[in-house]
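Notes follow the structure.
The values are calculated or read from the model by the stated rules, or taken from the named source; none is laboratory data. Predicted, not measured: the structure shown is a model, and the values here were computed from it. We place every Cβ from the backbone using ideal geometry, glycine too, and count neighbours over all the protein chains shown. Accessible surface areas use protein heavy atoms only, side chains included; no ligands, DNA or RNA. Shrake-Rupley method; radii C 1.70, N 1.55, O 1.52, S 1.80 Å.
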Amino acid sequence: MHHHAAISFKPSSNGLFSLNPGIFQNPSFVIRPFRNKLRYSILNCRGIEIPLPKLHPRSNSVNNGSTSVAAAVKDVDITTLGNLCVDIVLNVPELPPKPLEQRKAYMEQLSKSPPDKRYWEAGGNCNVAIAAARLGLHCISVGHVGDEIYGRFLIDVLSAEGISIVGMNERSEALSLSSSDNETLLCWVLVDPSQRHGFCSRADFSADPAFSWMSRLSTEVKMAIRKSKILFCNGYDFDELSPSLLESALECAAESGTSIFFDPGPRGRSLIAGRPEEQRTIGKLLRMSEVLLLTSEEAASLTGINDPILAGQELLNNGVCTKWVIVKMGPKGSILITKSSITCAPAFKVNIIDTVGCGDSFVAAVAFGFIHDLPLSYTLTLANAVGAATATGCGAGRNVASLGKVRELLKESNLNEDEKFWDEVLSDNVNSRDVTVLSKMVVNGNSQVNRVSLLKVVSEVLPKLEFAPKMTGSFK
């Protein structure tokens, strides 16, 4: 994920099938790699009392108003919604100027001729899908790609990773568009000599979403959502898609018992204070999601509560379907909060090269644990390992965690344990909840905290990863 809303700074194939040249003539195209499909049970959220369609338990049909539609078999693990872009990663002598018009001119100058292809990478939600596919999950990326070199590049990358692609819009919506409105979204990832990053795209320079001309979900998109166990959304979706279109996706997921994962990201704070339609839609996302994923800073900005656990509990209490709130604590680790428990997992020690894509990779591993019904501490351990493995590489896209690197980190079991930090985090919360902390060494001590052995967790997680398919060189 990238900071499309404003420039921000921080430290630092094999194709599975041949593409049909006419595929771009239908904007709602569907590309499906061949792979085995696994089926798992899902969680449903019922009894909602907010203005969304009534949710239904799993059955042979779903009653949508006066129309009865067959409930799709959920043979897709995770569908990512929107936020498909190509990252153009360039070293620059200095980052672009801050004034909006100057930045726009800077980007237009960069865009005049395509940079060498070696600087291109799949970005946005492609990171989540690639990381999930490498864990063996069956993935669909729903989004818009244009009929140009960047769109074809994105399709090649995702299909080589075994990820199905579903075009976002109906054919009729694209017929009257100018070529610029229909183009694949680019994100310029600019790196200065001090290894500071600046992100910008054309979505930064418009008050409306980049693809605001999309007015409804295609039949193919609705079917992808219905067939999925998880629909993943993030705050950057608002840069591309209208709030009403996002709500349509939520309604489709709710009708079909598809679990919603939402990571508001840095956009969350501006959306909460944004236009009325943005406030309404992000409010529904926060209430309707079964799993919320945030950094500690993002949780504080949404709730006004600095304590990450109390902030997570506030989000849980305000939710309707919310079962898990996961707070990412950077190099310290992560916390998973439920109505009745708190689970903490220290991060793995690694040599950090680049943090771009770490949060996206983390999401993929959480989805793996959710689908496979892993114990909460196991899910956090795997998510921390996948995020850490991504941090050891440069950039995201095809550079996110390889399965081999994840296994290596788990086997090394080198935790960044900081007892003082976790004692402070838990100091006001151990009396009210069931508290579990991952630890390399389990010793008798505070009976209020359940210590879980990392070695035990690793010994049971590693066999789960043996089923991940070796589809590309990334798995070696």
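General remarks:
- Among the residues of the stretch 191-205, just one is among the aliphatic types (A, V, I, L, M) and not in a helix (DSSP H, G or I), namely Val191.
Every residue, every condition in (1) among the hydrophobic types (A, V, I, L, M, F, W, C); (2) at pLDDT 95 or above; (3) open to solvent by 10 Å² or more (accessible area, probe 1.4 Å); (4) in contact with a Gly (Cβ under 7 Å, 6 or more places away or on another chain), yes or no:
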position	(1), (2), (3), (4)
Lys339	no, no, yes, no
Pro346	no, yes, no, yes
Cys358	yes, no, yes, yes
Phe368	yes, yes, no, no
Leu374	yes, yes, yes, no
Leu380	yes, yes, no, no
Ala391	yes, no, no, no
Cys394	yes, no, yes, no
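- Considering the conditions (1) in a loop (DSSP other than H, G, I, E, B); (2) at pLDDT below 80; (3) under 30 Å from Gln279 (Cβ atoms), Glu173 is excluded by exactly one of them, (1).
Residue by residue, here is whether (1) in a loop (DSSP other than H, G, I, E, B); (2) modelled with pLDDT of 95 or more holds:
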| position | (1), (2) |
| --- | --- |
| Gln102 | no, no |
| Gly123 | no, no |
| Ala131 | no, yes |
| Ser141 | no, yes |
| Gly151 | no, no |
| Asn169 | yes, no |
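- Matching helices (runs of 4 or more DSSP H) fully within the stretch 370-455 where at least 1 residues are within 18 Å of Val327 (Cα to Cα): 376-391, 419-426
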